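One structure is given here, and the rest of the page talks about it.
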Amino acid sequence: MLPAERQIRIKELIQVRRNLKISELSELLGVSEMTIHRDIKPLIEEGIVIKTFGGITLVRETPGTVSDNDDCVFCNRKIDTRLGYRLILPNNKVETTCCAHCGLLRHYQFVVSPSH
Ligand SMILES: [Zn+2]
């Protein structure tokens, strides 16, 4: 299996499991723990997972889902998933606000100050 294939596999596994041990990945993918450490490095750099003691944990939700414990990026209130408003930023980052009003104000911040 190529490193890129293993990374896809790891990404799939972490979405389902949310926590994985390095030793577990090494066993599942049939490579050494050293290799797993190398494979997960880009995933950590992309901010998909964080390193925990002896393993990795999922950071980001799959795009398209609003998690229950998200806060509005604009006013920091808890987001009601039914009213949540998602905006895609110019750098392809996805942010969630509690309502369309906050979403528009947040979007406006980017329009008036593209340097942010
Ligand atoms: Zn808000």
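Quick note: the coordinates plus some simple rules give every number you see, no bench work behind them. Fair warning: this is a prediction, and the values are worked out from it, not measured in the lab. Here the Cβ positions follow ideal geometry from the backbone for every residue, glycine too, while neighbour counts run over all protein chains shown.
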### Message
5 Å is the cut-off here: which amide hydrogens, built 1.01 Å from N in the peptide plane, fall below it relative to Val59, excluding neighbours closer than 5 in sequence?
### Response
Val49, Ile50
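If exposed GluC sites (Glu not before Pro) are those in a DSSP loop with at most 16 other Cβ within 10 Å, what is the longest stretch of the chain that has none?
Values: sites that count: Glu46, Glu61.
Longest site-free region, per DSSP loop and neighbour criteria: 62-116.
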### Summary
1/(1 + (r/R0)^6) with r = Cβ-Cβ of Leu104 and Val59, R0 = 30 Å, i.e. FRET efficiency to nearest 0.05, evaluates to 0.65
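Could you compute how fast the stretch 3-58 diffuses translationally, taking Rh as the Kirkwood radius over C-alpha pairs and applying Stokes-Einstein at 37 °C with viscosity 0.692 mPa s? Give it in µm² per second.
Numbers: Rh = 10.7 Å.
The Stokes-Einstein estimate is 306 µm²/s.
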